[in-house]
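Comments concern the structure below.
Coordinate-derived values only; no laboratory data. Being a predicted model, the structure only gives us computed values, none of them experimental. For neighbour counting, all protein chains shown are included, and Cβ atoms are generated from backbone atoms with ideal geometry for every residue, glycine included.
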């Protein structure tokens, strides 16, 4: 970042935690600079004007200056109405934020993913089907982070996946065709793989397969550290 000064960049707050007596450390996702870390000095003091604007899922305009990996917030203002998330949907929003923090490196712009994120929040707020909305975002996040899933081409032969065939899916390479319906492995129908590739998650069986596939792929790239938002969601369910 050097000593640059950024003015009124579009962004969202992903996470914040206290820093010293009255400040906070912020993790943000911006349209032009990707994921960034900033110090918000004095933001937790009673007189801070910035505290009310720094809320998750609220579109923001952010200004900062910085040298090195951690900049300093200089101004923040709301850039539109809050995205209203409640109950299970609120926990899903925290899940999206945690995925962005865990899978994206700082200062790597992803303007398309930023738009996907903004659209996903809108869909969640509008009450659109939760599972489909989350799965589509996970697919796009993996693509943008460089971990895109090979879904339409057989890894062994290079041939197009056939809807009426069964495949053993290898997470770091792609689908391998199976000769028998009784074969074992991480098995998916070709129809499901093709539907996931199209983003067509209207059939319950495809939604189920997408969840199996994406959960395994995310575990591979996230490592063994569990997602805090997923644990919170489980506690809410019980």
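In degrees, nearest 10, range 0 to 90: what is the angle between the Cα axis of helix 130-144 and the longest Cα principal axis of the chain?
Once rounded, the angle reads 80 degrees.
Out of these labelled values of log10 I(q)/I(0) by the Debye sum over Cα atoms at q = 0.08, 0.14, 0.18 Å⁻¹, (1) -0.25, -0.84, -1.48; (2) -0.36, -0.94, -1.33; (3) -0.29, -0.89, -1.38, which was calculated from the coordinates shown here?
Given (1) -0.25, -0.84, -1.48; (2) -0.36, -0.94, -1.33; (3) -0.29, -0.89, -1.38, the structure-derived one carries the label (2).
Would you mind classifying the range 3-97 by shape? Square roots of the alpha carbon gyration tensor eigenvalues, ordered a ≥ b ≥ c; an a/c under 1.5 is rounded, otherwise it is prolate if a/b is larger than b/c and oblate if not.
Values: a/c = 1.64, a/b = 1.34, b/c = 1.22.
Prolate is the answer for the range 3-97, as a/c is 1.5 or above and a/b outweighs b/c.
From Cα pairs below 8 angstrom and at least 6 apart in sequence, can you work out the relative contact order of the range 84-238, rounded to a whole percent?
Contact order relative to length: 24 percent.
Between the range 151-174 and the range 91-142, what is the C-alpha centre distance in whole Å?
Here the answer is 26 Å between Cα centres.
Just to confirm the number: angle between the C-alpha axis of helix 88-103 and the first principal axis of the chain, 0 to 90 degrees, nearest 10?
With both axes taken from Cα atoms, the answer is about 90 degrees.
Going by average Cβ density within 10 Å per residue, which order do the peptides 188-196, 114-122, 221-229 take, highest to lowest?
Descending mean neighbour count gives 188-196, 114-122, 221-229.
By how many degrees, 0 to 90 and rounded to 10, does the Cα axis of helix 228-237 deviate from the longest principal axis of the chain?
70
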